[in-house]
Amino acid sequence: MGKKKISLARVVQVAQVEQVAQEERNILWEGMGIFLEKYGYERAEKESEADWLVTGYPIEEKKLKVKKSGKKCDIFYREKAHFYRGLTLLFQNGGKEELEIEEKVNFHSNGMMMDCSRNGVPTVDTIKQYVVWMASLGMNRLYLYMEDTLEIQGYPFWGYLRGRYGREEMQECDGFAALFGITLVPCIQTLAHLRTALHLPAFADYKDIDDILLLEEEKTKDLLSGLLTTVSECFSGGIVHLGMDEAAHLGRGKYMDLHGPEKGAKLMKRHLEWLMEECRKRGLKAMIWSDMYLRLNFGTENYYGIDKDALPEGEENLSKEAGLCYWDYYNEGTEFYKNYLLLHKRLGNPLIFAGGAWTWNGVAPCVSRALKISYDALDACVETGTEDVFVTAWMDNGAETPLLTVLPTLLLYGEYGFGERPDRKKLEERFAFCFGKKLEQYCLLDAFDNPDYQEWRGEHMEAFAGHDMDRKGYDNRYSVNPSKTFLYQDNLMGLFGKMYDGEKMGGQYLSLEKELDAVLSGQESLGEADKELFGYYRILARLLSIKANVGERIREAYRSGDREKLKELAENDLEKTAMLAQELNRRREAIWMKEYKPFGYEVLDIRLAGVRQRALSAAHRLQCFLSGSIPGIPELEEEILPYKTKEMLEGDLQHGFYLWERMVTAGNIDGV
């Protein structure tokens, strides 16, 4: 008997894949065993034992077709990953005796990028889980962002105590992904973004300035050659992302001391040419982030401010070979994306678009923003014929947001890859089937940072895929993140007290706690991962409902001389905050240890322990004042100023505050 019944009447089993080239058939056959088990089916070793007989037909046409008549099931697919999507469509409609589905394939490659460098390094099991999920959506590339978390032979301090991947781990992941037709693409850094590595004494001589490598030095070339050798030995797809972004001060540090002034465009061109030659030696096709390439060649500091008809300053510093990865998580409106995609296309390089899941906004995902800009960007990609896309799941400043929260945007990219523009109904159905989860529950998490969440939910979730879903700005247009600032700012000296409405957000968190409690206690059973995720966020909502405006209430009571209120705040609110922070830490650690290697959690452990201790310290300060052991509390006698004025915010694409070290104190925490 099979492992799981589709109905009470029978067990559904799937038999061998026929009429496929033998090698591909063997790969599909092995992958199907893993895939079917996940979805509660069982492989039939003999056709006579099968309830369904699946036949796979590779085709050149940019379409996916699924046909079923009785037990006979045919899947016509362009890519192996599309075959697995076909299986999920078959399973999703398994109760139908007759079935015919046809979807156009919108992209040549469609993927996701995992951040493996901001302290959180996903485990091999986590990578495998996402490979299966992506295959269920028909996505065929998984990018792994590894600044210094991929080992290089002969460099023991590269990724030291950071949870770096060994060759065997990456080869295992690469082989597993290949079963499902998914190419693993290593995203390394060969120019900048190497702050974590370069702060170590072992790499002091490799540094130009900031987080930028010292170029045209033999030791730097040896390091990067070793890294590219590791890439070529671990990844079978023959694709590498070389990074090369956000190096504004390129050549202005030790390089200038050694060689004198040099134009950034020329220096980058020579470095890119050297890298491309190294890639050619290893049979690697390369891409780079396009921001530095455009800034240097168009003579601008504003990556997103180039006119659609602008021309580069000269041809001599251009390189047609490397793919250009246009990344944009901020702008909105299909026309903007179309213009920028066409600007990139005119340069003649292969073009890849990278959008964002807004998992890096703080301690919770900015779901409304991610969905809005993803629709705009993907509309533009389809209209301009841009065939390679992926969604990034950055984890800036310590991977505070659980990786699982990427799923709504991951699903949108997957579903946009096939057929027509996906509407809300389709997204909800596919989310439930492919992930075994409810999309609406994951969208609840938008309430942590979106001050207009209730309006967005009420008005725009009804028109989930509509072009007008932000017409009143309810999608957290500027990616504000009050949840992170409320969590970490000091109770007595809150730097952001003038930036958000603490009373309003406190009420929103209280309502959110009740909704999350209903999710956890509802009749529908949750999987273990969802229990942990929503249990963690329920504690966070409860903590923030107290802490969001506790500083304002303390100041008001102190200045009005309300000693009873101060006593209540010390013994009740601040003590509860400390207790909840400890519980929050315990729950976040449990999630981390399942998603990531243990390295890196020490940072969140320190941060959340700080939330607890500062609450206890604030309570102690109030009690000292109330007991008369100190005459006053100077921290409460200084006026809180706006951290940023309206004039400062004008023109910014994001208005949130993202660095913990700049939230907790106005004092010096990260320098001499």
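The values are calculated or read from the model by the stated rules, or taken from the named source; none is laboratory data. Please read these numbers as outputs of a predicted model, since none were measured by experiment. Glycine gets a Cβ as well: all are built from the backbone with ideal geometry, and neighbour counts include every protein chain shown. Side chains included, ligands, DNA and RNA excluded: accessible areas come from the protein's heavy atoms. Shrake-Rupley method; radii C 1.70, N 1.55, O 1.52, S 1.80 Å.
Report yes if residue 423 is open to solvent by 10 Å² or more (accessible area, probe 1.4 Å) and closer than 17 Å to residue 141 by Cβ, otherwise no. When the stated conditions are applied, residue 423 does not pass them.
Pull up region 461-480, narrow it to residues that are farther than 23 Å from residue 411 by Cβ and either open to solvent by less than 20 Å² (accessible area, probe 1.4 Å) or not charged (D, E, K, R) (or both), then point me to the one that is modelled with the highest pLDDT. Applying the filter and picking the extreme gives 480. Can you find a residue that is in a loop (DSSP other than H, G, I, E, B) and under 24 Å from residue 325 (Cα atoms) anywhere in region 213-231? Yes, region 213-231 contains a residue that is in a loop (DSSP other than H, G, I, E, B) and under 24 Å from residue 325 (Cα atoms).
Scanning region 408-455 for residues that are out of contact with any Phe, Trp or Tyr (no Cβ under 8 Å at 6 or more places or on another chain), among the acidic types (Asp, Glu) and in a helix (DSSP H, G or I) turns up 415, 428, 429, 440. Can we say residue 553 is of a type in the set (Lys, Arg), under 20 Å from residue 607 (Cβ atoms) and at pLDDT 95 or above? Judged against the criteria, residue 553 is not a match. Selection of region 231-263 for residues being open to solvent by 80 Å² or more (accessible area, probe 1.4 Å), at pLDDT 95 or above and within 23 Å of residue 300 (Cβ to Cβ) yields 252, 261. Taking the numbered list (1) open to solvent by less than 60 Å² (accessible area, probe 1.4 Å); (2) within 22 Å of residue 487 (Cβ to Cβ); (3) not in a helix (DSSP H, G or I) in turn, residue 572 passes all entries but (3). Selection of first residues in region 649-672 that are surrounded by 13 or more Cβ atoms within 10 Å (Cβ to Cβ) and of second residues that are at pLDDT 90 or above and not in a loop (DSSP other than H, G, I, E, B), restricted to Cβ pairs under 6 Å at least 6 apart or on distinct chains, gives the following pairs, ordered by first then second residue: 657/485; 660/488; 660/607; 663/485; 663/488; 664/488. Residues in region 603-624 that are closer than 17 Å to residue 669 by Cα and aliphatic (A, V, I, L, M): 603, 604, 606, 608, 609, 611. For region 176-204, the set of residues classified as part of a helix (DSSP H, G or I) and either of a type outside the set (D, E, K, R) or farther than 22 Å from residue 290 by Cβ (or both) consists of 176, 177, 178, 179, 196, 197, 198, 201, 202, 203, 204, listed by residue number. Just one of the listed residues (193, 199) is out of contact with any strand residue (DSSP E or B) (no Cβ under 8 Å at 6 or more places or on another chain) and crowded, with 20+ Cβ neighbours inside 10 Å, and it is 193. The test for being of a type outside the set (Ser, Thr, Tyr), free of Cβ contacts under 8 Å to residues at least 24 places away in the same chain and not in a loop (DSSP other than H, G, I, E, B) holds for residue 168. Does residue 600 qualify as being closer than 30 Å to residue 169 by Cβ and not aromatic (Phe, Trp, Tyr)? Judged against the criteria, residue 600 is a match. Please determine, by comparing only the residues of region 555-569 that are of a type in the set (Asp, Glu) and more than 15 Å from residue 503 (Cβ to Cβ), which one is surrounded by the fewest Cβ atoms within 10 Å (Cβ to Cβ). By that ranking, first place goes to 564. Criterion first (among the acidic types (Asp, Glu), over 15 Å from the mean Cα position of the chain (by Cα), at pLDDT 95 or above and open to solvent by 10 Å² or more (accessible area, probe 1.4 Å)) does residue 151 satisfy it? Answer is yes for this residue. Scanning region 427-439 for residues that are over 19 Å from the mean Cα position of the chain (by Cα) and under 13 Å from residue 526 (Cβ atoms) gives 432, 436, 438. On the stretch given as region 590-627, residues that are open to solvent by 80 Å² or more (accessible area, probe 1.4 Å) and within 24 Å of residue 546 (Cβ to Cβ) total 6. Region 284-392 holds helices (runs of 4 or more DSSP H) entirely within its bounds, and those carrying 2 or more residues that are aliphatic (A, V, I, L, M), in contact (Cβ under 8 Å) with a residue 40 or more places away in the chain and crowded, with 24+ Cβ neighbours inside 10 Å map to 367-384.
Applying the set (1) open to solvent by 30 Å² or more (accessible area, probe 1.4 Å); (2) within 20 Å of residue 452 (Cα to Cα); (3) of a type in the set (D, E, K, R); (4) in contact with a Leu (Cβ under 9 Å, 6 or more places away or on another chain) to residue 504 leaves exactly one unmet item: (4).
Consider region 507-525 and keep the residues that are within 19 Å of residue 487 (Cβ to Cβ) and hydrophobic (A, V, I, L, M, F, W, C). The one that is surrounded by the most Cβ atoms within 10 Å (Cβ to Cβ) is 512. The residue list 595, 571 contains one member that is modelled with pLDDT of 95 or more, over 25 Å from residue 123 (Cα atoms) and of a type outside the set (A, V, I, L, M, F, W, C), which is 571.
Taking the stated definitions as given, is residue 641 of a type outside the set (D, E, K, R) and touching a helix residue (DSSP H, G or I) at 6+ places or on another chain (Cβ under 6 Å)? Taking the combined requirement at face value, the residue does not satisfy it.
Looking only at region 593-616, decide whether some residue is touching a residue at least 12 places away in the same chain (Cβ under 8 Å), in contact with a Gly (Cβ under 7 Å, 6 or more places away or on another chain), assigned to a helix (DSSP H, G or I) and closer than 28 Å to residue 632 by Cβ. Within region 593-616, not a single residue is touching a residue at least 12 places away in the same chain (Cβ under 8 Å), in contact with a Gly (Cβ under 7 Å, 6 or more places away or on another chain), assigned to a helix (DSSP H, G or I) and closer than 28 Å to residue 632 by Cβ.
Filtering region 62-106 to residues that are more than 27 Å from the chain's Cα centre (by Cα), open to solvent by 10 Å² or more (accessible area, probe 1.4 Å) and β-branched (Val, Ile, Thr) leaves only 101.
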